[in-house]
1. Taking only Cα atoms, what is the 0 to 90° angle, nearest 10, from helix 29-38's long axis to the longest principal axis of the chain?
2. May I ask what percent, to the nearest 5, of DSSP beta bridges between residues of the chain are antiparallel?
3. Keeping all protein chains in position, work out how much accessible area residue 62 exposes to a 1.4 Å probe, and write it in Å² to the nearest 10.
4. How big is D, in µm² s⁻¹, for the stretch 55-135 by Stokes-Einstein at 20 °C and 1.002 mPa s if Rh is the Kirkwood radius over C-alpha pairs?
5. Leaving ligands and nucleic acids out of the surface, order 119, 48 by accessible area at 1.4 Å, largest first.
6. Equivalent-ellipsoid semi-axes (√(5λ), Cα gyration tensor) for the chain, whole Å, largest first?
7. What residue among 65, 51, 39 has its Cα farthest toward the positive end of the dipole of the stretch 20-76, where the charges are +1 on Lys, Arg and -1 on Asp, Glu, each on the Cβ?
8. Could you order 87, 173 by accessible surface area, starting with the largest, using a probe radius of 1.4 Å?
Amino acid sequence: MTKFCALLLAAGDSTRFGKDKRFIGSPPLLERTLNTLYTSYQRIFLVHKDTDNLSNLNIDPEKVTLLAHNKDTDKSLGASIACGASHLLHSNLSPTFCAIYLADMPFISVSTINRLHQHCLDSNTLTGSSKCIIRPAYQGVQGHPVIFSHHFLSELSQLKACEGAKQVIKNFHNQSQELAVSDEGIAIDIDTPDIAAKLGLMQSDSA
């Protein structure tokens, strides 16, 4: 059984950004985020729009499984999560934990990811059960990744017309834990061109 896999959500419309932010900069934003995950995961499931052309991105086919999501049926973040969770439920991978990431958050440090993983394993040892939801927080601000044990894949696969997995976390608050970290990257998402420019992500952007 695979201990950890990553579910990377990249099917958003970049409404607040004004254009498709996944491809800004060099390397493109989506590729930057993938590069962060390669160090910590052998299996990454990338949920993207079914109309995407990702041929210009440097995607490792040995690690990344592409999951095309038809946004005409449901454009919500929850539907993207459901797309990935449904695939995992019907695959033979059987991960113990699934970590959910957003494509516009490339600044999460590898050390933070490793610490979150270890916290999941330690929680399993202390409680005798791997059933948990772990979320990092920086100075009281919650961020990503949100790590779900495999027990919650069924609930995640049924999400629709909602904002992410908040309802699942709320329904299972007794199994939810918050881990304080010193990594601001867990709370930095690239929502606007101004944020991207301040972080140096627009300097090499020719789009």
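1. 30 degrees
2. Details: 8 of 31 bridges.
Of the beta bridges lying entirely in the chain, close to 25 percent run antiparallel.
3. Probe radius 1.4 Å; accessible area of residue 62 about 150 Å².
4. The Stokes-Einstein estimate is 140 µm²/s.
5. Putting 119, 48 in descending order of accessible area: 119, 48.
6. For the chain, the semi-axes come out at 26, 19, 16 Å.
7. It is 39, whose Cα lies furthest towards the positive end.
8. Details: 87 70, 173 120 Å².
The ordering from most to least exposed comes out as 173, 87.
The values are calculated or read from the model by the stated rules, or taken from the named source; none is laboratory data. Model, not experiment: these values are computed from the prediction. Quick reminder, even Gly has a Cβ in these numbers, built from the backbone with ideal geometry, and neighbours come from all protein chains shown. Note: accessible area is taken over every heavy atom of the protein model, side chains too, but ligands, DNA and RNA are not part of it. Shrake-Rupley method; radii C 1.70, N 1.55, O 1.52, S 1.80 Å.
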